[in-house]
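The values are calculated or read from the model by the stated rules, or taken from the named source; none is laboratory data. The shown structure was predicted, so the numbers you read here are calculated from the model rather than taken from an experiment. All Cβ positions, even for glycine, are placed from backbone atoms using ideal geometry, and neighbour counts span all protein chains on display. Heavy atoms of the whole protein, side chains included, go into the accessibility calculation; ligands, DNA and RNA do not. Shrake-Rupley method; radii C 1.70, N 1.55, O 1.52, S 1.80 Å.
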Amino acid sequence: MTQPRVVIIGAGIVGTALADEITALGWTDVTVADRGPLFRTGGSTSHAPGLVFQTNGSKTMAELARYTVEKFGALDAFDAVGGLEVATTPERWVELHRRHGWAKAWGIESRLLDAQACAELHPLVDPDLIIGGFHTPTDGLALAVRAAEAQARRAVERGARFLAYCEVVEILESDGRVTGVRTADGQELPADIVVCAAGFWGAELGRKVGLTVPLVPMAHQFAKTGAVPALDSAARLPILRHQDADLYYRTYGDRIGIGYYGHTPRPVDIGTLTEDSAGEPMPSMLPFTTAEFEPAWAESVRLLPALADTKVDEAFDGIFSFTPDGFPILGEHRDLAGCWVAEAVWVTHSAGVARAVAHWIVEGTPDIDLHECDLYRFEDAARSPEFIRRTSVQAFVEVYDILHPHQYRSAPRNVRTSPFFDRHRELGAFFFEGGCWERPAWFEANRALLPELAADGLEFPRRDDWSSRFYSPLSIAEARWTRTHVALYDMTPLTRYEVSGRGAADFLQRMTTNDVGRKPGAVTYTLLLDDNGGIRSDLTVARLSEHHFQVGANGPLDFDWFARHLPGDGSVILRDITGGTCCLGVWGPDARAMVQPLCPDDLSHRAFGYFKALRTYLGSIPVTMLRVSYVGELGWEIYTGAEHGAALWDLLWEAGRAHRVIAAGRIAFNSLRLEKGYRSWGADMTAEHTPEAAGLGFAVRMSKQSFTGKQALESAAPPGKTLRTVVLDDPHAVVLGKEPVSVRGAVAGYVTSAGYSATIGRCLAYAWLPSDVQPGDEVEIDYLTQRFTARVHTEPVVDPDMTLIRR
Ligand code: FAD
Ligand code: THG
């Protein structure tokens with residue numbers, strides 16, 4: 001077969017890196033077109049100051065940066081001057097500890113320094129102004145244009161060509177596939193694959209082919225000083241961040257470059273960019289907004305007093321992309337095969353992104369978990385221009401803010417509410433936002449239970465300020481009540497699909513790991529794997545009738561994955577039924593006593609067993625009940641049409657009075673599922689992990705004919721890391737996720753998710769640990785400024801022999 005023809009739009013750091021990585025994988029018919037000159041094209045890369053700080057809360061982003069540093073180093077386009085982040089407030093100092101924790105967890109060399117040691121590393125810093133700093137010796141400066149050119153050269157050596165002054169005005173298609181691009185001078189470049197690496201122009205390009213690329217171009221201030229007399233131009237000072245004031249710094253010989261995020265967010269209108277940037281050296285530069293820089297300059301002179309002897313010499317507002325969650329936008333257009341995007345990528349992550357996307361294009365699967373970066377990760381509502389703009393502007397504002405791991409969006413809100421929303425408000429729900437849904441985290445109405453539970457011996461350990469945020473001890477009461485009485489949980493935001501048609505059973509068998517072809521009425525827990533055997537999702541599949549399945553999923557990416565793999569003959573119909581339906585979890589030892597009187601069918605364990613489905617009525621409400629419980633208790637998920645939601649709530653609430661039913665929230669929900677050993681996809685396991693490593697081997701039926709990922713599992717080596725439950729020793733100790741875990745004094749893994757267990761009165765956490773670390777072994781977890789001891793526990797902590805859930 002002849003090689004696929006690839007056209008890459010954009011020769012910035014991303015386009016050039018892609019050309020290199022794709023040709024390295026053997027596809028050499030690659031053409032890169034840029035509207036500007038090569039390689040100072042006029043895009044964001046052309047003026048990027050090139051600071052590379054690798055530390056990130058996301059393990060994937062840290063790894064993408066690590067690879068970029070390694071590659072640019074080998075290309076002689078990286079200066080590892082080190083990175084220094086300083087704290088001028090106690091909150092930031094604690095935050096730097098948290099970042100140090102991420103660095104340790106992801107394997108980035110790092111240390112915390114006192115003020116004096118910071119000033120030794122960066123002699124311009126006034127040590128009296130700072131508390132301390134976080135030092136990462138392998139961070140440094142990317143020479144972005146040099147790196148672009150070097151990668152382009154390697155690609156050219158393998159056969160790629162680069163076209164300057166070649167603007168793409170149209171992406172050509174036929175029959176749902178790209179066929180090439182048309183350029184401004186009327187040429188057609190034929191292609192089987194078109195990759196948009198057009199940086200902040202990407203949203204416009206996407207629009208031409210009906211694709212929403214959720215990014216917003218924003219202007220950001222960057223200034224260079226004149227010569228600083230105190231600065232030795234031969235000194236190699238670390239790149240510097242002063243996040244408390246939204247500032248960062250690098251040196252250029254004896255001059256200092258200053259970047260500032262503290263100014264008013266300035267989304268850029270691409271429609272008027274040509275006029276707005278007229279007179280500037282390039283189209284990604286806008287005139288400097290001088291007045292807005294004044295606080296930045298004053299603060300810079302405070303931190304770096306030597307700046308008093310100089311002034312700003314040249315400055316501009318440079319444009320680059322912001323996204324609603326700060327992650328890049330990567331993937332293939334679902335409705336236009338062969339049309340890819342790789343945008344909103346920093347120089348910092350560029351080579352790593354290019355490698356992953358090249359693998360994705362050439363081999364079908366990225367070589368690293370990219371779910372946080374996936375083009376299709378957004379809910380429908382989150383793809384609206386209004387949502388993209390507001391949240392991306394917010395991302396700019398928050399770029400250096402201290403963000404709590406459980407912090408949810410404050411706007412837009414109330415975009416999706418379940419039919420129980422008003423009732424929840426009446427009960428004093430505190431709502432978190434997730435996937436555009438309002439989700440009750442706890443209910444003030446349950447405060448009345450506290451004295452009773454405390455008298456019963458339930459403990460409410462004190463928490464530090466950080467872990468007390470987005471938290472209420474009411475969740476402990478709600479969790480306990482679920483294990484001893486009965487509680488209602490709003491499961492409406494659980495993504496669900498109807499999969500139907502004569503090909504539905506075969507389709508689900510082929511797509512997932514477990515045997516989902518059992519009799520109607522059966523529910524199966526099963527996994528979606530990628531071709532490398534990595535976990536893409538975990539699902540429940542309820543067979544409601546021969547050709548009708550209800551799938552409980554984890555979010556938009558599951559829909560995307562299914563949609564891409566549907567047979568072309570119309571034999572399978574996939575429908576997202578999340579909107580328009582609702583779901584209540586009714587769980588606890590009293591669940592059956594509460595619900596049975598409402599139902600014409602026999603709900604006894606014998607008649608309606610564990611992991612079974614039943615279509616029936618509660619009162620006059622048609623419902624689908626699944627005997628499934630993520631909290632690990634007797635009870636059901638009860639689904640009905642949204643129009644019945646309010647009535648369903650009132651019916652159950654009324655029936656529950658005699659049983660003292662409560663409404664319970666997400667924090668209790670999370671703590672209960674941790675006790676039960678249930679994983680949360682995206683946090684605990686991702687495509688990076690095989691089922692066996694994640695403790696989910698039981699959901700894989702290797703004897704089944706064939707399913708996606710089976711081959712990879714057949715040849716998989718035993719996992720080096722295993723997901724384990726650990727229990728913290730100190731009842732007052734709490735971790736929140738992503739903390740480094742040490743075994744015998746050396747960092748060996750990291751926490752994924754955590755929660756307080758009301759059952760054992762300790763915080764539980766899942767952690768990836770070397771497979772030879774066994775139940776009973778002691779580990780240590782670094783939490784901010786503290787170190788906690790913990791012990792690996794057998795799983796699950798609660799109800800290991802399934803007597804509670806199968807009663
Ligand atoms: P670009 O470099 O913009 O490349 C896109 C290319 O596509 C351009 O060359 C453009 O001409 C071309 N193009 C667009 N449309 C078309 C078309 N229709 N046809 C043909 N060609 C087209 N990142 C860091 O990691 N560290 C930093 O310290 C840092 N500092 C920054 C400071 C400033 C002031 C700014 C503005 C950005 C900074 N960034 C930093 C961000 C970084 O510069 C960008 O994220 C990165 O350069 C984007 O690379 P890219 O290849 O995607 O986009
Ligand atoms: N409910 C439904 N669908 C879902 C979830 C849910 N899909 C997405 C996500 N949550 C899937 N996660 C789980 C995790 C564990 C279980 C159910 C959904 C579970 N596991 C049993 C166990 O491990 O003991 C499975 C037992 C079995 O295989 O028989 O219950 O919350 N609808």
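Tabulated data
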read-out: Length added when fully stretched, Glu157-Gln3, from 0.36 nm per residue minus Cα-Cα; value: 53.8 nm
read-out: Relative contact order of region 477-531, pairs being alpha-carbon contacts under 8 Å that are 6 or more residues apart, as %; value: 21
read-out: Length added when fully stretched, Ala716-Glu654, from 0.36 nm per residue minus Cα-Cα; value: 17.0 nm
read-out: Distant-in-sequence amide H partners of Ala663 (H built 1.01 Å from N, under 5 Å); value: Leu488
read-out: Protection-proxy order for peptides 485-498, 109-122, each taking the mean of Cβ atoms within 10 Å per residue, highest first; value: 485-498, 109-122
read-out: Inter-centroid distance (Cα atoms) of region 85-115 relative to region 323-360, Å; value: 29
read-out: Cα-based helix-to-principal-axis angle, 59-74 vs the chain, degrees rounded to 10; value: 30
read-out: Inter-part distance where region 534-551 and region 682-740 are each reduced to a Cα centre, Å; value: 20
read-out: Cα centroid separation, region 138-177 to region 12-83 (Å); value: 10
read-out: Normalised convex hull volume, region 364-421, alpha-carbon set, Å³ per residue; value: 155
read-out: Spatially close lysines, pair count over the chain: Cα under 25 Å, gap of eight or more or interchain; value: 17
read-out: Net length gained if the chain between Asp76 and Ala337 were fully extended (0.36 nm per residue, minus Cα distance); value: 90.3 nm
read-out: Length-normalised contact order of region 450-596 in % [C-alpha pairs under 8 Å, at least 6 apart]; value: 32
read-out: Solvent-accessible surface ranking, highest first, for Lys612, Lys710, Lys224 at 1.4 angstrom; value: Lys612, Lys224, Lys710
read-out: Between 0 and 90°, nearest 10: helix 474-484 axis offset from the chain longest Cα axis; value: 30
read-out: Net dipole in debye of region 165-300 [+1 Lys, Arg Cβ; -1 Asp, Glu Cβ; about Cα centre; nearest 20]; value: 400
read-out: Sum of side-chain charges, His349 neighbourhood, beta-carbon under 10 Å (Lys, Arg +1; Asp, Glu -1); value: 0
read-out: Other-chain or far-sequence residues with amide H under 5 Å of Arg762's (modelled H); value: Ser757
read-out: Extreme residue, positive dipole direction of the chain, given options Gln596, Ala155, Val353 (C-beta unit charges); value: Gln596
read-out: Translational diffusion coefficient (Stokes-Einstein; Kirkwood radius from C-alpha pairs) of the chain at 20 °C, 1.002 mPa s, in µm²/s; value: 76
read-out: Given charges at beta-carbon only (K, R positive; D, E negative), |dipole| of the chain in Debye; value: 2020
read-out: Region 712-807, relative contact order in percent, only Cα pairs under 8 angstrom and at least six apart counted; value: 31
read-out: Cβ crowding within 10 Å averaged over residues, with 328-341, 662-675, 573-586 ranked highest first; value: 662-675, 328-341, 573-586
read-out: Using alpha-carbon coordinates, inclination of helix 90-106 to the longest axis of the chain, degrees; value: 80
read-out: For Thr524, solvent-accessible area (1.4 Å; no DNA, RNA or ligand), Å²; value: 10
read-out: Rounded accessible area per residue of region 519-667, 1.4 Å, Å²; value: 35
read-out: Simple Cβ-charge dipole of region 704-782, Lys/Arg +1 and Asp/Glu -1, about Cα centre, in debye nearest 20; value: 460
read-out: Amide H contacts under 5 Å for Leu618, placed H, 5+ residues apart; value: Val623
read-out: Listed peptides 745-753, 503-511 by packing density, highest first (mean Cβ within 10 Å); value: 503-511, 745-753
